[in-house]
Structure formats: C-alpha cells, structure tokens
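Below is one structure; the comments refer to it alone.
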Amino acid sequence: MSDTLESITLRVRSLVAELADMPPDDIGEHAVVFGRAPDGEPALLDSLDALKLALQLGAEYGLDMPPEDGEREVYRVREIAEYIQERRAPTPQ
C-alpha cells in the first residue's frame, strides 16, 4: 500500500510540529519549513532542526533528503510531501 500525498503531508506536519514545539494544527501545508521562501516568509525550523527533519523523513521514506541533485528547492510542507511522493522508494510487497 502506498502512502497518499495527504498522509505524507500529515506526517511532515507532525514532525515539523514536534521539532518546532508547536501543535500540528498550527502548521498548514503551505508553511515554510526551512530556508527562506522566495516571498521572504521566514522558516519554522532552524538549520539543525531542518537537518533532523531531513534525516527522519529520509529514513522513513527511503530517499535522500534534502535533494542533492539541485533539481528543485523545497521550502513548504506540501512541497516536501510532493518531493517524497515523487521520489520515495517503493514499498516492499
């Protein structure tokens, strides 16, 4: 069974909330997680927490986080979830 974009988004929100010490309901799918978005919105996580998030998501979904290929930058919860859904390792049957 593969994860839906919605379930991945919820997982990203949950981890971000834990690292940012915030309730998950306060973190929307368009919240900026790390870096600085092109519109200048500040990030919820500092660089150390962003690394922790990347390592956790990489371990859970079987991929390199953050993207090392420079193909695109991801900043927001939903963008991270979309990246994971596009690139994740197939679930063993």
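Any read-out appearing in this document is the output of simple, stated calculations on the displayed coordinates, not a laboratory observation. Note that the structure is predicted; figures quoted are calculated from it, not measured. Because the Cβ atoms are built from the backbone with ideal geometry, glycine has one as well, and the counts that use them run over all protein chains shown.
Okay, residues lined up against (1) closer than 15 Å to Arg78 by Cα; (2) surrounded by 15 or more Cβ atoms within 10 Å (Cβ to Cβ); (3) not hydroxyl-bearing (Ser, Thr, Tyr):
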| site | (1), (2), (3) |
| --- | --- |
| Ile8 | yes, yes, yes |
| Ala17 | yes, yes, yes |
| Gly28 | yes, no, yes |
| Ala31 | yes, yes, yes |
| Phe34 | yes, yes, yes |
| Asp49 | no, yes, yes |
Log entry, pairs with first residue in the range 33-51 being polar (S, T, N, Q), second being crowded, with 18+ Cβ neighbours inside 10 Å, beta carbons closer than 8 Å, six or more apart or on different chains, reads Ser47/Phe34
